[in-house]
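**Q** Pasting in a structure now, in structure tokens, and then I'll have a few things to ask.
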């Protein structure tokens, strides 16, 4: 059974108690802790890095959106709030779901299932059908590893260039490597990642992929290609 490590943050104690109750009814949820003060949750999040954050938005001192922006890693997040006015802003942060209070258990479970599906797909180990999953265009997208040509980074964003479609998502390259490096991604330039086995040949400054595309090799990344080759 896939377990998803979870914390809840809500300044309203009755809402926090309800979330605890809902979490106890979902066997896949491993509830690590709950917080009524968002500032206190940040240190715990950074230390334990849970998979899923159940988060209120309108809270004193620090909003849920501000809390999410302060984290140095990107957990899966479900916003649970009484205010529908933040929906667009929330989805720009690539959250899993946006629930309006009062939330039924059935609606809560549906959202958690989305998070579980995301976690399952991002840990697929079938070498013939490896899949990565990510948030882009306000939806969860799936792409087979064999369909990815390269990953291009620019600032806080990544472009996943595929054989059939290209996606742009909000994610740092370093975070992508930490999440998917085990699948064979290597960095050949400050702006480019490729799958090692897709490199057909290389020179001191250029890598030629099996697709025929050529990408630059950065001076400080030559060793990555040489080890692979």
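The values are calculated or read from the model by the stated rules, or taken from the named source; none is laboratory data. These figures come from a predicted structure and were not determined experimentally. All Cβ positions, even for glycine, are placed from backbone atoms using ideal geometry, and neighbour counts span all protein chains on display.
Conditions (1) in contact with a strand residue (DSSP E or B) (Cβ under 6 Å, 6 or more places away or on another chain); (2) assigned to a strand (DSSP E or B); (3) farther than 23 Å from residue 118 by Cα, marked per residue:
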| position | (1), (2), (3) |
| --- | --- |
| 40 | no, no, yes |
| 47 | no, no, no |
| 53 | yes, yes, no |
| 58 | no, no, yes |
| 62 | no, no, yes |
| 66 | no, no, yes |
| 73 | no, no, no |
| 78 | yes, yes, no |
| 88 | no, no, no |
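**Q** If only one of 19, 52 is within 17 Å of the chain's Cα centre (by Cα), crowded, with 19+ Cβ neighbours inside 10 Å and either within 16 Å of residue 101 (Cα to Cα) or not assigned by TED's automatic domain parsing to the domain that holds residue 172 (or both), which one is it?
**A** 52 is the lone residue from the list that is within 17 Å of the chain's Cα centre (by Cα), crowded, with 19+ Cβ neighbours inside 10 Å and either within 16 Å of residue 101 (Cα to Cα) or not assigned by TED's automatic domain parsing to the domain that holds residue 172 (or both).
**Q** Could I ask something else about it? Looking only at region 129-152, decide whether some residue is farther than 23 Å from residue 13 by Cβ, assigned to a helix (DSSP H, G or I), in the same structural domain as residue 195 (by TED's automatic domain parsing) and touching a strand residue (DSSP E or B) at 6+ places or on another chain (Cβ under 7 Å).
**A** Checked region 129-152: at least one residue is farther than 23 Å from residue 13 by Cβ, assigned to a helix (DSSP H, G or I), in the same structural domain as residue 195 (by TED's automatic domain parsing) and touching a strand residue (DSSP E or B) at 6+ places or on another chain (Cβ under 7 Å).
**Q** Among the residues of region 7-30, write down those that are farther than 21 Å from residue 65 by Cα and assigned to a strand (DSSP E or B).
**A** Correct list: 29, 30.
**Q** Of all residues in region 91-102, how many are without any contact (Cβ under 8 Å) to a residue 60 or more places away in the chain and either under 17 Å from residue 15 (Cβ atoms) or not assigned by TED's automatic domain parsing to the domain that holds residue 78 (or both)?
**A** Matching residues across region 91-102 total 5.
**Q** Specify the residue that is modelled with the lowest pLDDT; the eligible residues are those in region 1-16 that are exposed (fewer than 13 other Cβ atoms within 10 Å of the Cβ) and out of contact with any helix residue (DSSP H, G or I) (no Cβ under 7 Å at 6 or more places or on another chain).
**A** Among those residues, the one meeting the criterion is 1.
Quick grid of which residues meet (1) surrounded by fewer than 17 Cβ atoms within 10 Å (Cβ to Cβ); (2) within 27 Å of residue 68 (Cα to Cα); (3) touching a residue at least 60 places away in the same chain (Cβ under 8 Å):
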position	(1), (2), (3)
170	yes, yes, yes
187	no, no, no
193	no, yes, no
199	no, no, no
202	no, no, no
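Table: residues versus (1) over 28 Å from residue 157 (Cβ atoms); (2) surrounded by fewer than 16 Cβ atoms within 10 Å (Cβ to Cβ); (3) under 20 Å from the mean Cα position of the chain (by Cα).
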residue	(1), (2), (3)
24	yes, yes, no
42	no, no, yes
46	no, yes, yes
70	no, yes, yes
73	no, yes, yes
80	no, no, yes
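**Q** Spot the failing condition for residue 212; the list is (1) in a helix (DSSP H, G or I); (2) at positive phi, and only one is missed.
**A** With respect to (1) in a helix (DSSP H, G or I); (2) at positive phi, residue 212 is out only on (1).
**Q** Restricting attention to region 138-164, which residues are more than 22 Å from residue 95 (Cα to Cα) and exposed (fewer than 12 other Cβ atoms within 10 Å of the Cβ)?
**A** Listed by number, the list holds a single entry, 164.
**Q** Against the condition closer than 26 Å to residue 172 by Cβ and either surrounded by 15 or more Cβ atoms within 10 Å (Cβ to Cβ) or assigned by TED's automatic domain parsing to the domain that holds residue 169 (or both), how does residue 36 come out, does it pass?
**A** So residue 36 does not fit the description; no.
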